[in-house]
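S.K.: Below are the structure tokens for one structure; questions will follow.
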Amino acid sequence: MALMTGEQYVESMKKMNLQVYMFGKKIECPAEDPILRPSMNSVKMTYDLAQMPEYQDLMTVVSPYTGERINRFTHIHQSTQDLMNKVKMQRLCGQKTAACFQRCVGMDSFNAEFSVTYDTDKKYGTHYHENFMNFLKYVQERDLTVDGAMTDPKGDRGLAPHAQQDPDLYLHVVERRADGIVVRGAKAHQTGFINSHEVIVMPTISMGEDDKDYAVSFACPTDAKGIFMIVGRQSCDTRKMEGAPMDTGNPTFGGTEALVIFDNVFIPNDRIFMDGEYEFAGSLVERFAGYHRQSYGGCKVGVGDVLIGAAAVAADYNGCPKASHVKDKIIEMQHLNETLFACGIACSALGTQTESGNFIINLLLANVCKQNVTRFPYEIVRLAEDIAGGLMVTAPSEKDLKDPKLGPYVDKYLRGVGVVSTENRLKILRLIENLSLGTAAVGYRTESMHGAGSPQAQRIMISRQGNLGMKKKLAKAIAHIEE
Ligand code: SF4
Ligand code: FE
């Protein structure tokens, strides 16, 4: 079964024994919880699209390792064309869900682990690459969703992992046994953990010799003994429990983040990809972050397409699609969105082959891509709110619209152009609210800031990769300066 259907994916998740907590209670079946189910639907879309003939080339690829057709979300990039197809696939998934579809972190960790385990084995004669390849084939053959967990809680940001007052603020090895290791710690802001079969855990920063026990990477099932999740709150999350789908803005799709606790979790030897090789922690972080910063040039652009469309529909329903300032604002939104896409494509097109054989993005351009993502979606949201008008945040609820006594008044006074129902007008405004302030704002606006690393992380990489010395030489040559 190299490709699962969306339904098979949902059934496979229902069989897992996930330990999920929300509002202080254990959630017995996340797949049936009204707050959590929309996030599962977003991942399901990565399976549904792969079944559609028109998207087969983008969503699937033949694996060079299993010989079977697999979902691109489990693929190791074999060319710069593969890197570009990845970004296009993410844009498509963003367009179809208007949410975070979560499966990219696994794909990005596969590609980072592929080359880093190879490099580590080359230096130390370890067997991490073989471990990783066996895990990858296991994932590809079963079409699994895999989360990538990097971000530790980090405690005092001024202290290294080993120097923290509480040693668990970075995930670390607490016991080494003949058959494996035991780890303890937590990973924060985990998008998609709840909807994944497996997770790849990676260190979150470069490390020194004293941090050896923290330089650890492995894969394990998301329901392994000792793992539990505490779901994060989102603005307007409880609207999903009210039985009024219009008020959610996006009734079908969403994303979910969780704080994931690893409370003495056993990892068998054959699932370990790094254990103490601290010099490679930095490369793993840098490559994973690079791939994930490329990803944002796809997913956020797809969600941006929906937001731009929603703003244009709102203008139609308000009766002002021809106003020159409205037209110009929509052009500006498109210009910003396509600039992000151009960055995602550019860092892919200028990708290179690693010694291990897979392809990696151009790191400078991937960081420029994500740096732009920390800004442009904010401006796109600002323009969408401008076009939408204040009703987007003051409109009464769906229940008022449907109420026999109040409904006719809501319908009468909140109508825009006469031929469009008030219900449709409110639906599109709720969607804009959802993307800019509601549950999807986690995955669109604020995630654009902090996801795949906060802005300063990209600026550090830009300063490292920007080759300022070469630029100074250029200036001196042009100015005829001889020193
Ligand atoms: Fe994928 Fe974007 Fe979500 Fe990251 S934020 S997992 S790149 S959809
Ligand atoms: Fe993200």
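S.K.: Could you identify the single residue in 151, 80, 97 that is β-branched (Val, Ile, Thr) and surrounded by 24 or more Cβ atoms within 10 Å (Cβ to Cβ)?
M.R.: 97
S.K.: Could you tell me whether the stretch 150-158 includes any residue that is among the charged types (D, E, K, R) and touching a Pro at 6+ places or on another chain (Cβ under 9 Å)?
M.R.: Scanning the stretch 150-158, I find at least one residue that is among the charged types (D, E, K, R) and touching a Pro at 6+ places or on another chain (Cβ under 9 Å), so the answer is yes.
S.K.: Further question on the same structure: Can you tell me which residue is farthest from residue 445 (Cα to Cα) among those in the stretch 343-373 that are among the hydroxyl-bearing types (Ser, Thr, Tyr) and open to solvent by 10 Å² or more (accessible area, probe 1.4 Å)?
M.R.: The qualifying residue farthest from residue 445 (Cα to Cα) is 356.
S.K.: Residues in the stretch 190-212: is at least one farther than 23 Å from residue 20 by Cα and within 16 Å of ligand 2 (Cβ to nearest atom)?
M.R.: Checked the stretch 190-212: at least one residue is farther than 23 Å from residue 20 by Cα and within 16 Å of ligand 2 (Cβ to nearest atom).
S.K.: Looking only at strands (runs of 3 or more DSSP E) that lie completely in the stretch 1-91, which have at least 3 residues being in contact with a Lys or Arg (Cβ under 9 Å, 6 or more places away or on another chain)?
M.R.: So the answer is 60-62.
S.K.: Which ones in the stretch 284-304 are open to solvent by less than 40 Å² (accessible area, probe 1.4 Å), more than 14 Å from ligand 2 (Cβ to nearest atom) and either of a type in the set (Lys, Arg) or closer than 27 Å to residue 417 by Cα (or both)?
M.R.: Selection gives 304 alone.
S.K.: Can you tell me which residue in the stretch 440-467 is farthest from residue 292 (Cα to Cα), limited to those that are in contact with a Pro (Cβ under 8 Å, 6 or more places away or on another chain) and more than 11 Å from ligand 1 (Cβ to nearest atom)?
M.R.: Among them, the one singled out is 445.
For every residue, the table says whether it meets (1) more than 22 Å from residue 129 (Cβ to Cβ); (2) within 16 Å of ligand 1 (Cβ to nearest atom); (3) out of contact with any Gly (no Cβ under 9 Å at 6 or more places or on another chain); (4) assigned by TED's automatic domain parsing to the domain that holds residue 121.
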{"residue": "160", "(1), (2), (3), (4)": "yes, no, no, yes"}
{"residue": "165", "(1), (2), (3), (4)": "yes, no, no, yes"}
{"residue": "169", "(1), (2), (3), (4)": "yes, no, no, yes"}
{"residue": "172", "(1), (2), (3), (4)": "yes, no, no, yes"}
{"residue": "175", "(1), (2), (3), (4)": "yes, no, yes, yes"}
{"residue": "186", "(1), (2), (3), (4)": "yes, no, yes, yes"}
{"residue": "205", "(1), (2), (3), (4)": "yes, no, no, yes"}
{"residue": "215", "(1), (2), (3), (4)": "no, no, no, yes"}
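S.K.: For residues in the stretch 376-401 being in contact (Cβ under 8 Å) with a residue 12 or more places away in the chain and open to solvent by 50 Å² or more (accessible area, probe 1.4 Å), which is farthest from residue 331 (Cα to Cα)?
M.R.: Ranking the qualifying residues of the stretch 376-401, first place goes to 399.
S.K.: Within the stretch 250-272, take every residue that is more than 16 Å from ligand 2 (Cβ to nearest atom) and touching a Lys or Arg at 6+ places or on another chain (Cβ under 8 Å) and give me the one that is farthest from residue 134 (Cα to Cα).
M.R.: Among those residues, the one meeting the criterion is 263.
S.K.: Scan (1) at pLDDT 95 or above; (2) within 16 Å of ligand 1 (Cβ to nearest atom) for the single condition residue 472 breaks and write down its number.
M.R.: (2)
S.K.: Something else: Just to be sure I understand the filter: pairs with C-beta atoms under 9 Å, separated by 6 or more residues or on different chains, first member in the stretch 325-345 and of a type in the set (A, V, I, L, M), second member open to solvent by 80 Å² or more (accessible area, probe 1.4 Å). Which pairs pass?
M.R.: 336/375; 345/88
S.K.: Out of the residues in the stretch 419-455 that are more than 16 Å from ligand 2 (Cβ to nearest atom) and open to solvent by 60 Å² or more (accessible area, probe 1.4 Å), state the one that is farthest from the chain's Cα centre (by Cα).
M.R.: 419
S.K.: Ok, one more. Got at least one residue in the stretch 83-90 being more than 16 Å from ligand 2 (Cβ to nearest atom), touching a His at 6+ places or on another chain (Cβ under 7 Å) and over 18 Å from residue 192 (Cα atoms)?
M.R.: yes
S.K.: Read through the list (1) in contact with a Pro (Cβ under 6 Å, 6 or more places away or on another chain); (2) within 16 Å of ligand 1 (Cβ to nearest atom); (3) farther than 23 Å from residue 89 by Cβ, then give the number of the only condition that residue 378 fails.
M.R.: All conditions are met except number (1).
S.K.: I'm told residue 413 meets every condition in (1) free of Cβ contacts under 8 Å to residues at least 60 places away in the same chain; (2) within 16 Å of ligand 1 (Cβ to nearest atom) except one. Can you identify the failing condition by its number?
M.R.: (2)
S.K.: Out of all the residues in the stretch 211-231, is one or more hydrophobic (A, V, I, L, M, F, W, C), within 21 Å of the chain's Cα centre (by Cα), modelled with pLDDT of 95 or more and open to solvent by 40 Å² or more (accessible area, probe 1.4 Å)?
M.R.: There is at least one residue in the stretch 211-231 that is hydrophobic (A, V, I, L, M, F, W, C), within 21 Å of the chain's Cα centre (by Cα), modelled with pLDDT of 95 or more and open to solvent by 40 Å² or more (accessible area, probe 1.4 Å).
S.K.: Sticking with this structure for a sec: Has the stretch 104-118 got at least one residue that is within 15 Å of ligand 1 (Cβ to nearest atom), crowded, with 22+ Cβ neighbours inside 10 Å and at positive phi?
M.R.: no
The values are calculated or read from the model by the stated rules, or taken from the named source; none is laboratory data. Small disclaimer: the values here were computed from a predicted structure and weren't measured. Note that each Cβ is placed from the backbone with ideal geometry, even for glycine, and that neighbours are counted across all protein chains shown. Side chains included, ligands, DNA and RNA excluded: accessible areas come from the protein's heavy atoms. Shrake-Rupley method; radii C 1.70, N 1.55, O 1.52, S 1.80 Å.
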